[in-house]
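The structure appears below as structure tokens.
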Amino acid sequence: MTASSTRRTAAKSRIAAVCAIAVAGTMLLAACGDQTKNGPRNSASAQAPLAGLLPKEIKDKGVIKVGSDIAYPPVEFKDKSGKTVGIDPDIGAALGKQLGVTFQFQNGTFDTLITGLRSKRYDLAMSSMTDTKDRQQGIDSETKKKVGEGVDFVDYFSAGVSIYTRKGDDQGISSWADLCGKKIAVQRGTVSHDLAKTESKKCPAGKSIAIETFDNDLEAQTRLRSGGADAGSSDFPVAAYAVKTSGGGKDFQIVGEQVEAAPYGIAVAKGNDQLTKAVQAALDAIIKNGEYNKIISKWGVEAGAVTEAKLNGGS
């Protein structure tokens, strides 16, 4: 996702791999997200090898507040019991073990997460957010005007954008160019939203893409399912999960190839260099000790795995 250009993406051969997600979605809940408000001071923090890297105020509280749009399965979502689960909460829990703190996921609308970092409502934003130069520099992706200080990203995954339609009703859509004269439903502020606006400008006169935006991706899926749009678009892991699970696999189908592959980043407000370096070190640690790969494999998205924690690697 993206607060004015986010993304959620992955490699093209992932559809089969994502089939395992539906089963995996109910597993390993206890360590993820939704923990006590004040976050217990981890008794294990003494054993957390990287606890000393954190800023003192965060270490003392024992909690890292994470802003996230928790309606983007399989990356972050609520299970049937109301627990926050998914790829991001699992990675957050693993990072927390290294740092001796609890990663406390707090729900927010995607396009407000970066603002929440600036206002210190959150310490981090972790929500399938695509690392882009515009976000790093605080530039609005559409107007190219400076709108904020920007953020730093610790990159932890790679994904691309897919188009999907109602199953058996692709209306000849196999690329973004085929959407000219049609309506697409997308989550507001995401890379899919930005891409739809860009592609619409390339359409012939009188045949622009009608873009309907929603607070979250699940609302966009509902609109498409009801026949209120011709297509939807989201990051590949999310689109593939919807195709697999919605209506028992009878509602949607992916059309064409995914595009705009880019890294997801954990966002940190500019100036919080100590926290940024701590998160980067923790991510490198779980990559090296194998815990990261276990999480990625559990959710069936191995094609998007990274081999190192890059800082601001997006373009």
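The values are calculated or read from the model by the stated rules, or taken from the named source; none is laboratory data. Predicted model only: the values in this text are computed from it and were never measured. Cβ sites come from the backbone with ideal geometry, for glycine too, and all protein chains shown count toward neighbours. The protein model used for the area step is the full one, side chains on, heavy atoms only, and it has no ligands, DNA or RNA in it. Shrake-Rupley method; radii C 1.70, N 1.55, O 1.52, S 1.80 Å.
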*Can you work out ³J(HN,Hα) from phi for every residue in region 302-313, in order, using Karplus 6.51 cos²θ - 1.76 cosθ + 1.60 and θ = phi - 60°, giving whole Hz and x for Gly and Pro?*
4, 5, x, 5, 10, 10, 7, 8, 7, 9, 6, x
*asked:* For the chain, what does the helix formula give at 222 nm: sum of -39500 (n - 2.57) over DSSP H segments with n ≥ 4, over the residue count, nearest 500 deg cm²/dmol?
replied: -8000 deg cm²/dmol
*Return, for the Cα atoms of the chain, the radius of gyration and Dmax in Å, separated by a comma.*
18.8, 64
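Once you order the gyration tensor axes a ≥ b ≥ c over the Cα atoms, which shape class does region 212-286 get: rounded for a/c under 1.5, otherwise prolate or oblate by comparing a/b with b/c?
Since a/c reaches 1.5 and a/b is larger than b/c, the shape of region 212-286 is classed as prolate.
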*At what distance in angstrom do the alpha carbon centres of region 134-162 and region 221-267 lie from each other?*
22 Å
*Over region 123-197: Rg over Rh, Cα atoms, Kirkwood Rh*: 1.04
_Sequence-separation-based contact order of the chain, relative, with Cα cut under 8 Å and 6+ spacing, percent_ = 30 percent
*Considering only the other residues whose Cβ falls under 11 Å of the Cβ of K146, what net charge follows from Lys and Arg at +1 and Asp and Glu at -1?*
-1
*Percent of beta bridges antiparallel (DSSP, the chain, rounded to nearest 5)*: 60 percent
_For the full complex of protein chains and a 1.4 angstrom probe, list R121, R188 by accessible area with the highest value first._
R121, R188
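Based on the alpha-carbon gyration tensor of region 69-152 and its eigenvalue square roots a ≥ b ≥ c, which shape applies: rounded if a/c is under 1.5, prolate if not and a/b is larger than b/c, or oblate? Display every interim value, and only then the final one.
Details: a/c = 2.29, a/b = 1.71, b/c = 1.34.
It comes out prolate by the Cα gyration axes.
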*Take K80, K270 and sort them by solvent-accessible surface of the protein heavy atoms, 1.4 Å probe, largest at the top.*
K80, K270
*Rounded, prolate or oblate: pick one for region 159-315, where a ≥ b ≥ c are the square roots of the eigenvalues of its C-alpha gyration tensor, a/c under 1.5 means rounded, and failing that, prolate if a/b is larger than b/c, else oblate.*
prolate
*Between N289, N107, N272, find the one with the highest GNM mean-square fluctuation for the chain; connect C-alpha pairs within less than 10 Å.*
N289
*If you roll a 1.4 Å probe over the heavy atoms of the protein chains, what accessible area per residue do you get for region 183-302, in Å²?*
39 Å²
_If the reach is capped at under 24 angstrom between alpha carbons, list the lysines near K277, excluding any in the same chain fewer than eight residues apart._
K56, K59, K61, K65, K97, K120, K133, K288, K294, K310
*What part of the accessible area of the chain, given as a whole %, is carbon or sulfur when the probe is 1.4 angstrom?*
50 percent
